[in-house]
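The values are calculated or read from the model by the stated rules, or taken from the named source; none is laboratory data. Note that the structure is predicted; figures quoted are calculated from it, not measured. Note that each Cβ is placed from the backbone with ideal geometry, even for glycine, and that neighbours are counted across all protein chains shown.
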Amino acid sequence: MLILAELNDDLFIHISVNATRTNRESWGDTQYAEGLARAIRQVSGCDSAVFFRGESPEPTGKRDVVLRIIGPHLEEPVPGLPNMLWIISPPNLAPSAMLARYQAVFSASRYLVDLLRAVNIKAEYMSQATERGHFHPSRRPADAPDIPVAFVGGFAARVDRRTVLYAVEAGFDVHIWGPGWAGAVPERHIKGERLEYDRLAEVYASSRVVLNSHMSVMRRLGFMSNRSFDSIASGAYVVSDRIPGFSAPELPELVQIDDRNGLVETLSRLIDQPPLDHAARLALHGRLVAGFDFGSRAERLVRAARDLLAEGRRAAPAFRPNPTGKAKGGTAISVRLSVPAASAETQERGLIAAAEEILSLAAALEQPGGVDLLPADPAAAEGVIHPLMADLREMQALAAAPLTPEAVGRIDALVARARRLHEERTDRTSPFTPRIARRNRDSMLIRVIGNQPLWAHNPEGYSRETRKPHVMLRPRRDAVPSEPPVGVFLHLFHDDLAGTFAERLAVMDTAARIYVSTDTEAKADRIRASLPDAEVRVLPNRGRDIWPKLYGFGDAHDRHEVVLHLHGKKSTHAARLNDWLAHILDCLLGSREDVNRILSMFRTIPGLGLVTPVAFRSVMAAAHWGANRDIARELAFRMGLRGALPANDRLQFPVGSMFWGRVSAMRPLLDLKLRPEHFPPEAGQVDGTLAHAIERMLGVVCTETGHSILPVTGSRHGLHARYRKQYGSNRALREALETGEFDA
């Protein structure tokens with residue numbers, strides 16, 4: 001009877017993938033998971049559905065189990081449920097302690113199974129598979145021509161696709177679908193950027209040979225991707241780069257090659273021989289699905305899920321408080337608090353110290369004796385402002401208060417964030433060790449804390465379109481008197497741009513005082529030659545342009561009502577940004593008439609706080625919080641801002657930190673009086689530092705002080721013409737701002 005009950009037990013397997021809900025159609029893993037879900041639903045008593053990155057599954061009232069299929073990003077197990085993990089390609093980051101929180105681990109690489117077992121992760125081998133009803137020789141359209149050689153997949157710098165490039169270089173007629181191939185191969189080979197799932201099955205069923213080419217980390221760790229199994233199930237031969245530890249002697253149609261010569265020889269042989277007829281392709285399909293079909297994978301996963309439920313094995317929360325409170329006679333654990341505003345000389349060290357304190361407080365709260373909070377040393381020196389400061393301050397307050405259910409839930413979230421950082425820092429056994437450039441280290445650690453993919457993705461629901469509406473400046477001939485004079489704050493790390501700025505600033509037809517910061521006396525001398533009337537200060541090379549302009553010249557802002565912030569931007573990390581500075585200057589200093597119009601707007605529209613360049617095309621994908629929201633939380637606390645920080649789709653700020661501004665709209669930031677040591681030492685960081693957070697907070701503070709933000713282009717500028725708004729007078733523009741026409 002027990003066996004019968006288990007076979008009809010209303011099991012529900014929630015399958016998650018790395019895709020987000022909004023981009024799920026562009027991820028092959030989505031179709032993979034949906035195919036597996038269909039196979040699970042064919043097992044008696046079972047149901048299944050797919051959920052996406054950043055989500056939690058909805059309880060069904062049945063016997064719920066979670067299966068995560070990964071993928072580049074590994075998320076935490078869902079507490080309170082059995083969690084299974086199927087690694088079909090290597091995650092960028094997966095500490096051993098995190099893997100151990102899963103109740104069952106399957107890997108599509110035999111080689112990886114051995115590595116995991118060596119560090120006491122009880123992994124089992126389960127290769128990738130295919131959906132037999134979808135990938136089938138009969139999917140070939142009746143009138144479809146033969147495709148000699150096909151490949152479906154993207155091309156990028158870190159995805160070398162060597163087998164595809166070798167085949168193209170050798171002169172084979174390779175048909176390619178996927179993004180990123182323009183310029184990498186002759187255009188005649190590119191057939192499209194993506195294929196719908198049905199069309200993919202048609203292409204494979206029409207192909208004689210399908211190439212498989214893996215990312216280097218997949219090759220190194222022994223993963224044969226499902227591209228091979230989908231293609232063979234469709235009746236095609238497959239030529240793949242060699243995958244260590246993978247063999248399928250029952251499938252001689254899957255040929256692994258070692259080098260260019262092997263590829264050319266194999267392709268030539270397969271193309272020269274007669275193509276397989278339909279009967280032969282059907283026989284090949286049958287042999288493939290006998291060992292690599294979703295049906296057998298579904299049955300195995302269902303058995304594992306039932307075993308976990310029977311054994312009562314479930315994932316635990318990050319924080320498990322002592323359920324009885326302080327035990328009588330229990331000894332409290334003492335924890336010395338730190339000053340949350342104190343830190344270290346680098347962002348990473350500050351993060352580590354804060355994470356360790358959060359974990360220490362949680363560990364004490366889990367013990368029968370509770371925690372004895374020892375006062376902080378008030379003499380602690382301040383250091384770099386980092387993303388866990390707000391967490392630490394909140395954790396200290398929670399540790400000092402009664403543990404209500406709401407407090408327990410919040411502590412659990414804080415502990416999970418700190419634990420991820422601690423495990424990334426201390427793990428020495430996991431085979432997944434990301435190689436992170438120094439300039440990306442700060443932002444990558446923030447992604448670890450936030451349980452986000454290490455490599456940049458647009459936030460869920462983010463749209464670039466909200467960054468495009470703007471006003472094209474109407475030329476104004478008459479100069480606008482300015483008393484006090486306009487303050488121009490220019491940071492020039494790249495002093496060779498001094499002449500460029502001298503030419504641009506010459507279009508200003510009003511009284512102005514120019515302040516220039518740089519980091520060496522030699523640069524200062526060269527700058528004075530181009531800008532002889534400027535006040536030049538040599539300041540520490542900290543905080544990019546943000547610290548010198550806002551704080552190195554903090555005293556000078558009090559002399560002005562309207563200011564212009566500029567800096568010598570050179571984006572050496574990305575060639576696509578080479579024209580960014582010219583775009584910004586065309587918007588803010590396009591002509592004498594444009595500057596007159598901007599100054600007239602500040603004079604006649606009291607609520608105007610910032611005039612910003614409309615976002616440059618190449619940076620629109622980054623015009624959101626990125627890795628900077630947690631540092632912004634700390635800044636908001638220090639400024640006494642009580643409102644919640646805006647969501648990504650509501651965030652407006654001067655992307656590139658150059659703008660015209662009203663000093664009163666910036667006052668809370670100026671009043672922070674930050675010092676150089678609050679900013680991390682320069683390491684070429686591209687995101688996730690105090691300077692990047694302040695860039696965004698310029699917009700938040702502007703709106704919090706009751707001012708408006710206006711994106712503009714110069715009168716000779718044609719960018720985003722469809723999103724351009726025009727007003728016949730400053731009065732009409734003022735009314736538009738007051739009614740929220742430019743609110744995100």
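One residue alone among T22, T60 is in contact with a Phe, Trp or Tyr (Cβ under 8 Å, 6 or more places away or on another chain) and surrounded by fewer than 21 Cβ atoms within 10 Å (Cβ to Cβ), and that residue is T60. Of the residues making up region 267-315, those that are acidic (D, E) and surrounded by 12 or more Cβ atoms within 10 Å (Cβ to Cβ) are D293, E299, D307.
Matching residues to (1) modelled with pLDDT of 95 or more; (2) more than 29 Å from E169 (Cβ to Cβ):
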position	(1), (2)
V264	yes, no
D307	yes, yes
T324	no, yes
A327	no, yes
S334	no, yes
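Across region 601-643, the number of residues qualifying as under 14 Å from the mean Cα position of the chain (by Cα), farther than 20 Å from L719 by Cβ and not hydrophobic (A, V, I, L, M, F, W, C) comes to 3. For region 124-143, a residue qualifies if it is in a helix (DSSP H, G or I) and surrounded by fewer than 20 Cβ atoms within 10 Å (Cβ to Cβ), and exactly one does: S138.
Looking at R662, R667, R675, which is the one that is closer than 21 Å to D545 by Cβ, crowded, with 22+ Cβ neighbours inside 10 Å and not hydrophobic (A, V, I, L, M, F, W, C)?
Details: R667 fails: crowded, with 22+ Cβ neighbours inside 10 Å; R675 fails: crowded, with 22+ Cβ neighbours inside 10 Å.
Just one listed residue meets the conditions, R662.
Looking across region 179-194, the residues that are modelled with pLDDT under 95 and closer than 21 Å to P72 by Cβ come down to P179, G180, E193, R194. Taking region 597-710 and the helices (runs of 4 or more DSSP H) fully enclosed by it, the elements with 3 or more residues that are among the small types (G, A, S) and outside the structural domain of E348 (by TED's automatic domain parsing) are at 690-704. Pick from region 711-744 the residues that are assigned to a loop (DSSP other than H, G, I, E, B) and of a type in the set (F, W, Y): which of them is farthest from L564 (Cα to Cα)? Among residues in region 711-744 that are assigned to a loop (DSSP other than H, G, I, E, B) and of a type in the set (F, W, Y), the one farthest from L564 (Cα to Cα) is Y727. Out of all the residues in region 67-101, which are surrounded by 24 or more Cβ atoms within 10 Å (Cβ to Cβ) and over 24 Å from the mean Cα position of the chain (by Cα)? If the condition is that a residue be surrounded by 24 or more Cβ atoms within 10 Å (Cβ to Cβ) and over 24 Å from the mean Cα position of the chain (by Cα), then P82, N83 are the ones that fit. When L403, L359, L392, L373 are screened for being out of contact with any Lys or Arg (no Cβ under 8 Å at 6 or more places or on another chain), in a helix (DSSP H, G or I) and of a type in the set (A, V, I, L, M, F, W, C), only L392 passes.
Condition check ((1) among the hydrophobic types (A, V, I, L, M, F, W, C); (2) within 20 Å of T20 (Cβ to Cβ); (3) assigned to a helix (DSSP H, G or I)) across all residues:
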| residue | (1), (2), (3) |
| --- | --- |
| E424 | no, no, yes |
| I436 | yes, no, no |
| R439 | no, no, yes |
| P459 | no, yes, no |
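Summed over region 187-212, residues that are closer than 19 Å to V264 by Cβ and out of contact with any Ser or Thr (no Cβ under 8 Å at 6 or more places or on another chain) total 3. Quick one: would you say A318 is assigned by TED's automatic domain parsing to the domain that holds L99, out of contact with any Cys (no Cβ under 9 Å at 6 or more places or on another chain) and surrounded by 14 or more Cβ atoms within 10 Å (Cβ to Cβ)? It is false that A318 is assigned by TED's automatic domain parsing to the domain that holds L99, out of contact with any Cys (no Cβ under 9 Å at 6 or more places or on another chain) and surrounded by 14 or more Cβ atoms within 10 Å (Cβ to Cβ). Taking the listed residues A632, A621, A556, A615, the one that is in contact with a Gly (Cβ under 8 Å, 6 or more places away or on another chain) and touching a residue at least 40 places away in the same chain (Cβ under 8 Å) is A556, with no other qualifying. State whether one or more residues within region 48-69 are within 30 Å of L165 (Cα to Cα), touching a strand residue (DSSP E or B) at 6+ places or on another chain (Cβ under 6 Å) and of a type in the set (A, V, I, L, M). Yes, region 48-69 has at least one match.
No other residue among R208, R139, R219 is within 33 Å of the chain's Cα centre (by Cα) and either of a type in the set (A, V, I, L, M) or at negative phi (or both) apart from R219.
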